[in-house]
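I have placed the structure first, in the form of structure tokens, so that the comments after it can refer back to it.
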Amino acid sequence: MNMKTFEKFKLGDIQLNNRIVMAPLTRNRAINNVPNELMRKYYAQRATAGLIISEGTSPSPNGLGYARTPGAYSKVQIEGWKNIAEGVHENGGNIFVQLMHTGRVSSLLNLPKNSQVFAPSSIMLEGEIYTDSKGFQPHDTPQEMTIADIKKVQDDYVNAAKQLIDAGIDGVELHAANGYLLEQFINPKTNVRTDEYGGDYKNRARFVLELAIRVADAIGSNKVGVRVSPYGVFNDMKGDYDDLVDIYTYMAEELGKLGIAYIHIVDQRVAMNAPDFTTNIKRTIKTVFEGNIIVGGDVDSIPKSEKLLNEGYDLVYIGRPFISNPNLVEKLKNNQKLTDPNPDTFYTPGEVGYTDY
């Protein structure tokens, strides 16, 4: 059969061996927030994906948020990512690092000394977050970011992106989804600012667009992707609001002018129990952007990936099946039964449930 899923695909200046994207999956194996040899093994095992997008990686100490998540702001962290890139490339794969600042989704107990929790507005996230030192603890109330804070965070992203590219990483994804810092600027529930970064949708989109421009200028637009989650409710986001279509249409138009590598649209309806979309926002973004679009959500078979590709989307992301099936591409190609993952080991340290499948 002539299946689009296994076709080679040109993404920017890299050649993908197929149209399957390994979605970013937080796994909490970065001891002291440093990418390590175990992580190299994990990503290298999965290098048959056309593109790997790494787990969320903080561009600065105050963006770490969760326990044992990697950073990309110190020399030892960049060396760790260089090692991972070499492992993936030796196995014929490609890897983008997802740059993710958690913003208000954080606890000071998970941050290095002298760090702070901040966000567009000082609105606390209800609920608790896991810490290695004291178990589950309430989220800390964030400080509202000053203009100086905003510029500093943008600088951090640019510096991280440049160092990652110099280390051999193929590109970076700006995580503007799932309730983290960039989406906290986009969403009116978490952004009640009255300056040029708040209010109408063009102001709320300003942080993301400024950041995309600066990172693209630093490393090349064809090495930059942006992840969004319209209608998403994860981390207590407002799933629907009056100007949702306006803001995502506007961002897609502006990112299209910039010529970035892709927009990655997260569908939270299955994995994160988000409500159904009230518009065909994925088609709207695709039409306006005119560039490469990554879509997915509950994809665990070739018929599901083929359906999305035949609808005109370019690449298909697959998440949890990659956890327990490092040879997922081969299994899908040969219609083999997939191994189920063990949720108890999703976020634990060590190789169990990570590299031992």
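The values are calculated or read from the model by the stated rules, or taken from the named source; none is laboratory data. Only a predicted model underlies this, so the values are computations on that prediction, with no experimental measurement involved. Cβ coordinates were reconstructed from backbone atoms using ideal geometry, including for glycine residues, and neighbour counts include every protein chain displayed. To get the accessible areas, we keep the full protein, side chains included, count just its heavy atoms, and leave off ligands, DNA and RNA. Shrake-Rupley method; radii C 1.70, N 1.55, O 1.52, S 1.80 Å.
Each residue of the stretch 266-276 was assigned a 3J(HN,Hα) from its phi angle through the Karplus expression (A = 6.51, B = -1.76, C = 1.60, θ = phi - 60°), giving 8, 10, 8, 5, 9, 5, 10, 6, 6, x, 5 Hz with x at Gly and Pro.
Averaged across orientations, what area in nm² does the convex hull of the alpha carbons in the stretch 201-323 project?
8.0 nm²
Under a 5 Å amide H cut-off, with hydrogens placed 1.01 Å from N, residue 264 pairs with 226, 227, 228, 294 among residues at least 5 apart or on other chains.
With 0.36 nm allotted per residue and the present C-alpha distance subtracted, the residue 116-residue 356 stretch has 82.8 nm of extension available.
Multiplying the sequence separation of residue 162 and residue 86 by 0.36 nm and subtracting their Cα-Cα distance, what value in nm do you get? Taking 0.36 nm per residue and subtracting the Cα distance, the gain is 25.7 nm. Within the chain, helices built from complete DSSP H runs that reach 15 Å or longer along their own axis (Cα positions) and carry a mean Kyte-Doolittle hydropathy of -0.5 or higher are 147-166, 206-219, 244-258.
Working note: 222 nm ellipticity from helices only, DSSP H runs with n ≥ 4, each -39,500 (n - 2.57), summed and divided by the residues of the chain, gives -9500 deg cm²/dmol to the nearest 500.
Amide H contacts under 5 Å for residue 131: 136, 137, restricted to partners 5 or more places along the chain or on a different chain, H placed in the peptide plane at 1.01 Å from N.
You can think of it this way: the chain between residue 2 and residue 74 has 21.3 nm of extra reach, that is 0.36 nm per residue less the Cα-Cα gap. For residue 54, nonlocal amide neighbours, meaning residues 5 or more places apart or on other chains whose placed amide H falls under 5 Å from its own, are 96, 97, 98.
To the nearest whole percent, what portion of all C-alpha pairs in the chain is separated by more than 35 angstrom? Here the long-distance tail beyond 35 Å is 16 percent of all Cα pairs in the chain.
Shown are 201, 354, 66, whose ranking by accessible area with a 1.4 Å probe and every protein chain present, most to least, is 201, 66, 354.
For the residues 5, 194, 48, a 1.4 Å probe over the protein chains yields an accessible-area ranking, largest first, of 194, 48, 5.
How would 284, 146, 278 line up by accessible area, probe 1.4 Å, largest first?
Numbers: 284 45, 146 70, 278 95 Å².
From most accessible down to least: 278, 146, 284.
Each Lys and Arg adds +1 at its Cβ and each Asp and Glu adds -1 at its Cβ; summed about the Cα centre, the chain shows a dipole of about 580 debye. Annotation for the stretch 114-156: trypsin sites (Lys or Arg not before Pro) lying in DSSP loop with at most 16 further Cβ atoms inside 10 Å of their Cβ are 134. The 3J(HN,Hα) values that the Karplus relation (6.51, -1.76, 1.60; θ = phi - 60°) gives for the stretch 6-17 are, in residue order, 9, 6, 5, 8, 8, 10, x, 10, 10, 9, 8, 6 Hz. Gly and Pro appear as x.
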